[in-house]
Protein chains: 2
Amino acid sequence: MSNLKQLARSLGLSITTVSRALDGYSDVSAKTRQRVVEAASATGYQPNASARRLRRRRAELVAVTLPTAPGHIGPPHFLDILSACAEHLALSGLNLVIAPVPRGQSELEMCRSFVDGQRIDAMLLVRTKRHDERVELLQSRGIPFVTHGRTESRQPHAFLDGDGFSGFRDATQRFIADGHTLIGHVAGPQEFSFAHYRRLGWEHALKNANLTSTLITEGDPTEHGGYAAAKILMSGMIKPTAILCATDEMAVGALRALREIPEGNIVSIVGHDDLPMSAFTDPPLSTMRMTGEDIGARIASLLLRAIGGEAPETLQEIHPVEFLPRASHRRTPRPAATGMDTHK
Amino acid sequence: MSNLKQLARSLGLSITTVSRALDGYSDVSAKTRQRVVEAASATGYQPNASARRLRRRRAELVAVTLPTAPGHIGPPHFLDILSACAEHLALSGLNLVIAPVPRGQSELEMCRSFVDGQRIDAMLLVRTKRHDERVELLQSRGIPFVTHGRTESRQPHAFLDGDGFSGFRDATQRFIADGHTLIGHVAGPQEFSFAHYRRLGWEHALKNANLTSTLITEGDPTEHGGYAAAKILMSGMIKPTAILCATDEMAVGALRALREIPEGNIVSIVGHDDLPMSAFTDPPLSTMRMTGEDIGARIASLLLRAIGGEAPETLQEIHPVEFLPRASHRRTPRPAATGMDTHK
DNA sequence: GTTGACTTCCAAAACGTTTTGGAAAATTAT
DNA sequence: ATAATTTTCCAAAACGTTTTGGAAGTCAAC
């Protein structure tokens with residue numbers, strides 16, 4: 001539609017001056033600037049994004065790769081995080097593009113095409129794996145990026161993560177303190193780092209207390225995955241009296257599995273993530289969630305700082321995880337006092 | 001990094017020829033083309049996106065506005081739809097950017113800045129309202145767009161929607177056939193077109209059967225909204241024996257509300273959307289969902305056709321909604337035969 | 001009135017592509 | 001052999017900005 005040239009001509013000014021007036025340079029007089037600004041807002045002029053991007057050599061774009069995972073794409077609240085992130089990026093003139101991995105293409109190829117086409121200034125990686133090839137690619141190309149979840153990469157990189165280890169360790173200890181000795185774990189796929197850390201926390205607490213850590217089954221991080229895993233867990237010789245589920249979705253599946261099992265209703269359950277639905281399950285789901293206000297905003301901030309050139313080492317955040325007691329973690333009738341039940 | 005000029009020089013060819021070879025024009029010999037293609041893939045050359053966009057006068061971008069709604073942003077499966085849409089757009093070289101409405105800015109202003117900055121080739125509007133100012137803006141500017149959900153706009157525009165009217169009408173008739181006479185509705189905000197059509201369907205069936213349609217309460221389209229609305233509905237003088245909830249999330253809230261009420265467990269419930277969690281509630285939620293395979297892909301197709309210049313009238317899809325019976329719609333013990341219960 | 005500093009403006013060069021309008025070379029038709 | 005056609009290539013112009021490197025003009029100091 002309207003461009004700088006037309007605007008300049010209609011004002012009797014040069015393109016340069018109009019451009020600089022709008023960009024707030026000091027070498028244009030106050031009177032001229034006002035004239036330009038008024039004319040610009042009157043005609044609704046906005047600089048052509050592609051032209052600016054080309055000239056400034058910045059794509060003004062950040063991509064987030066969405067792995068087409070088994071089942072659905074991510075936790076239901078994930079879009080909220082992305083939305084908050086996008087909103088904060090927009091304040092710095094950056095837009096967030098979502099980049100699902102096309103069928104028959106690897107995540108790696110997709111990243112590469114974004115990088116080689118200079119289509120982005122930075123990337124956000126989610127559902128990070130412990131060994132994530134995307135991380136290596138971006139590191140070798142020198143593209144700024146932030147991961148949601150740690151990796152076991154050699155070189156340090158920017159990330160934001162919840163302290164799932166401590167969270168599950170503490171939750172397990174809480175169960176132990178409540179008298180449980182058979183504490184199971186419905187684990188997520190161990191290639192994902194979030195699932196791995198949560199399992200380690202559970203395991204750590206059990207080993208510390210000399211309790212068995214064999215009551216574990218892995219499943220997809222979905223309702224169905226949790227359902228199937230819990231079914232298996234409850235069909236063994238030794239049945240847990242409490243179960244930590246790697247995600248709230250898995251916990252919802254586990255709750256259903258327990259409903260279908262005699263005495264399943266006295267097995268305690270804890271989830272992770274505090275999804276909106278978790279307060280509305282039957283029983284309401286005790287869960288845990290990352291503390292700190294707006295995760296999306298924090299991610300955006302890390303991305304901006306990474307683009308600004310800050311060193312990855314200084315861009316690593318691990319947020320504590322807090323326990324949200326509702327009803328599901330206290331379904332076991334207080335065990336009758338035994339010799340070992342001395343607390344309180 | 002690497003650009004056309006360097007690539008051309010290293011091959012002893014002109015920029016033009018290299019560009020045309022890669023774009024598959026017929027005026028470059030097979031031998032030369034092969035040489036170019038090989039060199040390009042060896043160096044990982046990809047044309048600079050900003051430059052191409054500038055020259056081609058296409059942003060290669062589609063934006064979806066995310067209204068920062070009350071509560072969370074959209075139905076939990078919404079990201080799955082967007083992801084599928086983005087994947088299909090990518091096949092045509094388009095990327096999908098998510099554009100949440102910044103605090104203190106209207107959706108309108110946001111659309112305008114995207115349009116005036118020529119930052120997009122098309123827009124996807126979701127959570128459309130019956131009277132949606134965004135629609136008018138885009139129509140007046142001549143920007144291709146597709147809405148998820150109809151509007152009551154004068155001019156026709158491209159949209160994809162589920163037939164919520166028929167779905168809720170049929171579901172209500174099913175309840176009537178089952179002997180229910182007091183059928184309530186937990187409605188979504190009526191400014192949203194999806195909520196409005198669903199209510200109309202419910203109302204239509206009741207009026208047709210000469211039944212009361214006063215058992216209705218409106219709430220936010222969230223678990224909490226459904227919880228609060230159901231509580232109100234069940235606190236009236238006349239209590240419904242069945243309730244249609246505008247969304248599955250509201251239904252989950254309603255289920256919880258009913259658990260807290262004596263005899264709430266004999267009230268039948270139906271939701272809408274078939275969220276992943278709905279099969280795992282207690283009781284499993286009977287619900288409805290849009291038929292047709294991949295909604296996201298269909299939206300992408302409509303967007304591409306809109307960009308291609310097809311007339312809006314030809315880009316309107318209303319998909320039937322199918323009923324998914326699970327357990328929650330049959331919680332009422334078959335009413336004892338009364339005078340009016342003559343069916344079957 | 002010359003010098004220097006400051007203010008205000010601008011022409012032209014970039015950014016890296018795609019596209020236009022030929023030109024040279026090779027092939028075919030006459 | 002020449003003309004006509006086809007094939008293959010390319011120089012230069014555009015896309016709409018931002019940025020560079022001044023050029024005038026104004027003002028104050030000497």
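Selection of the stretch B:181-216 for residues being part of a strand (DSSP E or B) and within 26 Å of A:His77 (Cα to Cα) yields B:Val186, B:Ala187, B:Phe192.
All conditions but one from (1) near DNA strand D (Cβ under 8 Å from one of its atoms); (2) more than 10 Å from chain B (Cβ to nearest Cβ); (3) not in a helix (DSSP H, G or I) apply to A:Ser2; the one that does not is (2). Please find, within the stretch A:26-36, the residue that is surrounded by the fewest Cβ atoms within 10 Å (Cβ to Cβ) out of those that are within 8 Å of DNA strand C (Cβ to nearest atom) and among the hydrophobic types (A, V, I, L, M, F, W, C). Applying the filter and picking the extreme gives A:Ala30. Kindly evaluate A:Gln105 against the criterion of being out of contact with any strand residue (DSSP E or B) (no Cβ under 9 Å at 6 or more places or on another chain), touching a residue at least 60 places away in the same chain (Cβ under 8 Å) and surrounded by fewer than 23 Cβ atoms within 10 Å (Cβ to Cβ). No: the conditions fail for A:Gln105. Scanning the stretch A:264-285 for residues that are in contact with a Ser or Thr (Cβ under 9 Å, 6 or more places away or on another chain) and polar (S, T, N, Q) turns up A:Ser268, A:Ser278, A:Thr281.
The number of residues in the stretch B:37-51 that are buried (at least 18 other Cβ atoms within 10 Å of the Cβ) and within 9 Å of DNA strand D (Cβ to nearest atom) comes to 1.
Is it fair to say B:Ser19 is of a type in the set (Ser, Thr, Tyr), within 10 Å of DNA strand D (Cβ to nearest atom) and within 27 Å of A:Arg58 (Cβ to Cβ)? Answer is yes for this residue. If only residues of the stretch B:206-232 that are closer than 21 Å to B:Asn265 by Cβ and hydroxyl-bearing (Ser, Thr, Tyr) are counted, the one that is nearest to the other protein chains (Cβ to nearest Cβ) is B:Tyr227. For A:Gly117, the conditions (1) touching a Pro at 6+ places or on another chain (Cβ under 9 Å); (2) in contact (Cβ under 8 Å) with a residue 12 or more places away in the chain are fulfilled apart from (2). Please work out which residue is farthest from B:Gln118 (Cα to Cα), limiting yourself to the stretch A:1-25 and to residues that are more than 7 Å from DNA strand C (Cβ to nearest atom) and among the hydroxyl-bearing types (Ser, Thr, Tyr). So the residue we want is A:Tyr25. For the stretch B:254-270, the candidate set comprises residues that are in contact (Cβ under 8 Å) with a residue 60 or more places away in the chain and within 15 Å of B:Gly219 (Cβ to Cβ); within that set, the residue that is nearest to the other protein chains (Cβ to nearest Cβ) is B:Leu255. Of the helices (runs of 4 or more DSSP H) that lie entirely inside the stretch A:28-145, those containing 2 or more residues that are more than 10 Å from chain B (Cβ to nearest Cβ) and among the hydroxyl-bearing types (Ser, Thr, Tyr) span A:30-43.
Looking only at the stretch B:160-180, decide whether some residue is among the aliphatic types (A, V, I, L, M) and in a loop (DSSP other than H, G, I, E, B). No, because not a single residue in the stretch B:160-180 is among the aliphatic types (A, V, I, L, M) and in a loop (DSSP other than H, G, I, E, B). B:Gly162 meets all of the listed conditions (1) within 29 Å of A:Leu54 (Cα to Cα); (2) more than 10 Å from chain A (Cβ to nearest Cβ); (3) not charged (D, E, K, R) but one, namely (1). Applying the criterion of being away from chain A (no Cβ under 14 Å) and out of contact with any helix residue (DSSP H, G or I) (no Cβ under 8 Å at 6 or more places or on another chain) to the residues of the stretch B:5-16, the residue that is nearest to DNA strand D (Cβ to nearest atom) is B:Thr16.
Inspect the stretch B:171-189 for any residue being free of Cβ contacts under 8 Å to residues at least 24 places away in the same chain and surrounded by fewer than 24 Cβ atoms within 10 Å (Cβ to Cβ) and give the result as yes or no. There is no residue in the stretch B:171-189 that is free of Cβ contacts under 8 Å to residues at least 24 places away in the same chain and surrounded by fewer than 24 Cβ atoms within 10 Å (Cβ to Cβ). Is it the case that B:Arg58 is within 13 Å of DNA strand D (Cβ to nearest atom) and within 31 Å of the chain's Cα centre (by Cα)? The answer is yes for B:Arg58.
Exactly one residue out of A:Ser41, A:Ser2, A:Ser50, A:Ser19 is over 26 Å from B:Pro276 (Cβ atoms), modelled with pLDDT under 90 and more than 16 Å from the chain's Cα centre (by Cα): that is A:Ser2.
The values are calculated or read from the model by the stated rules, or taken from the named source; none is laboratory data. It should be emphasised that the depicted structure is a prediction, and the values quoted were computed from it without experimental measurement. Backbone-built Cβ (ideal geometry, glycine too); neighbour counts: all protein chains shown.
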